[in-house]
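Taking it in order: structure first as structure tokens, then the write-up.
All of the numbers you see were taken from the coordinates with simple rules; none came from a lab. Bear in mind the structure is a predicted one, so any value in this text is a computation, not a measurement. Here Cβ is always computed from backbone atoms with ideal geometry, including for glycine, and neighbour counts include all displayed protein chains.
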């Protein structure tokens, strides 16, 4: 099932996507809530109803009072527009190893010992459309190609063996990064904060696990949980700059959730990112380019750039980089 949140009469509206048509959930069955927030909190009571309705729609049946709306005619929001929290993991060894190699430092052994994550600003979650950036953000502005999941039921001290059942669905994630801000503050061993907190993009839809069952592959040796053979690409202004696969995750989402939930209650609506796929950002690509050619010309995102991220089965997430009408700089405030 593919779930989309869009703007309807000034509020967020949840809909099921069939082909290029949207069907408002509350019009399909009286038990189905009209927002993703309620849907996630009622998950165990409504998911079977929603999946049944979804299959009926696929066969062309007319359900309830729902009238189809053209997907292309609406303003699509983040599928989870009001997440309860947002964590981002560090699951792809290829990305971590390349980034460290490019800085001429050894691979850190702790990567293979436990999955890590950081909290980012869940109030800066957004969907397709404009990403508005301040002047300092354009000092090495970067994309990060990732996947993300959303938690659909409350839990605590969850083991990796059971954690996949807590995943409500999958989305594309673009963990936007202002690299100069990020690198400066992380010298103090705290963060990332200002280099990340201005925008994290998810979307364009939430795809439930049943849609991806045929793409499940074994986890890496010694790891637990589902992994998925899903091609991931990123294009900037129509030119492909990045390619990877969700199947390259060394740490599974189940293992990341296990760590997140240790001694902590996770909640419906918590969003968790995978971390960047190998080749999935300009920081890594520029570093590799300069390592191989000292004259390599770095590339960073600029105003007007269009970033398209595509993951098999999860759709295409499109954003345009926009410069705020301001010259205010916190970098210039440094003592």
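Residue 59 to residue 44: extension gain in nm, 0.36 nm per residue of separation minus the Cα-Cα distance? Walk me through the numbers on the way to the answer.
Values: separation 15, 0.36 × 15 = 5.40 nm, distance 2.45 nm.
Working it through step by step, the gained length comes to 3.0 nm.
Evaluate the Kirkwood expression for the hydrodynamic radius of the range 109-165, namely the inverse of the mean inverse distance over all pairs of different C-alpha atoms, and round to one decimal in Å.
Details: mean 1/r = 0.0639 Å⁻¹.
Evaluated over the range 109-165, this radius sits at 15.6 Å.
How compact and how long is the range 2-73, expressed as Rg and Dmax of its alpha-carbon atoms in Å?
Expressed in Å, the Cα Rg and Dmax of the range 2-73 come to 11.2, 31.
How far is it, in nm, from the label point at residue 322 to the one at residue 306 when both lie 7 Å from their Cα along the line to the Cβ?
Each label point lies 7 Å from its Cα, and together they span 1.6 nm.
Rounded to the nearest 500, what is the 222 nm mean residue ellipticity of the chain from helices alone, with -39500 (n - 2.57) per DSSP H run of 4+ residues and division by all residues?
Roughly -5500 deg cm²/dmol at 222 nm, from the helical runs in the chain.
Radius of gyration and Dmax for the range 143-289's Cα atoms, expressed in Å?
Reported Rg and Dmax, both Å: 15.9, 45.
So if each residue of separation counts as 0.36 nm, and I subtract the Cα-Cα distance between residue 210 and residue 332, what length gain in nm does that give?
Details: separation 122, 0.36 × 122 = 43.92 nm, distance 5.02 nm.
Between residue 210 and residue 332, full extension yields an extra 38.9 nm.
Expressed as an acute angle from 0 to 90° and rounded to the nearest 10, what is the orientation of the C-alpha long axis of helix 282-292 relative to the principal long axis of the chain?
Roughly 40 degrees, rounded to the nearest 10.
Let a ≥ b ≥ c be the square roots of the eigenvalues of the Cα gyration tensor of the range 71-185; is it rounded (a/c under 1.5), or, if not, prolate (a/b larger than b/c) or oblate?
Working: a/c = 2.11, a/b = 1.06, b/c = 1.99.
It is oblate, given that a/c is not under 1.5 and a/b is not larger than b/c.
Could you tell me how many degrees, from 0 to 90 and to the nearest 10, lie between the Cα long axis of helix 93-102 and the main elongation axis, the longest principal axis, of the Cα atoms of the chain?
20
What is the projected area of the convex hull of the Cα atoms of the chain, averaged over all directions, in nm²?
Numbers: hull surface 72.6 nm².
Across all orientations, the chain yields a mean hull projection of 18.2 nm².
Please report 256, 125 as a ranked list, fewest other C-beta atoms within 10 angstrom at the top and most at the bottom. Don't jump to the answer; show the numbers that get you there.
Details: 256 28, 125 23.
Lowest to highest Cβ neighbour count: 125, 256.
Normalised by the number of residues in the chain, what is the relative contact order in percent for Cα pairs under 8 Å and 6+ residues apart? Don't jump to the answer; show the numbers that get you there.
Values: 789 pairs, mean separation 76.9, N = 335.
Normalised by residue count, the contact order of the chain is 23 percent.
Of all DSSP beta bridges located in the chain, what percent are antiparallel, nearest 5? All intermediate terms of the calculation are to be shown ahead of the outcome.
Numbers: 55 of 66 bridges.
Looking only at bridges with both residues in the chain, the antiparallel portion is about 85 percent.
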